[in-house]
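*Asks:* The following block contains the structure, expressed as structure tokens.
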Amino acid sequence: MSSAARALSLGIAGILAVTLMLTPQILGSRPTSVIGHGGLSLALLGMAGCFVYGLGYRPERTALRVLFSPWIAWPLMAGGLWIVLARS
């Protein structure tokens, strides 16, 4: 993939990380036991994958290379956020 995809991955992950740290109330005003932890876990896993890809790390093993690709990280992040925001 191109350097534009790396920059996009890093930018999206950075924006999501800052947003969740500074305004956690967007996850919902209900108690934390009601928040979709499964969805949040998926979103954070996708965010981690975007950081890894965006910073330019390239694993030698094919399985890890696929796991940290934007083709996996972007849908994980989007799907996880959709699950979390749909529940709030």
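The values are calculated or read from the model by the stated rules, or taken from the named source; none is laboratory data. In this text the structure is predicted, and so the values were computed from the model without any measurement. Ideal geometry is used to build each Cβ from the backbone, glycine not excepted, and the neighbour counts take in all protein chains shown. Please note that ligands, DNA and RNA were not included when accessible areas were found on the heavy atoms of the full protein model with its side chains. Shrake-Rupley method; radii C 1.70, N 1.55, O 1.52, S 1.80 Å.
*Asks:* Please work out which residue is farthest from the chain's Cα centre (by Cα), limiting yourself to region 75-88 and to residues that are open to solvent by less than 70 Å² (accessible area, probe 1.4 Å) and at pLDDT 85 or above.
*Replies:* 83
*Asks:* Is it true that some residue in region 48-56 is open to solvent by 40 Å² or more (accessible area, probe 1.4 Å), among the small types (Gly, Ala, Ser) and under 23 Å from residue 20 (Cα atoms)?
*Replies:* Yes.
*Asks:* If you take the residues of region 57-74 that are surrounded by fewer than 12 Cβ atoms within 10 Å (Cβ to Cβ) and hydroxyl-bearing (Ser, Thr, Tyr), which of them is modelled with the lowest pLDDT?
*Replies:* 57
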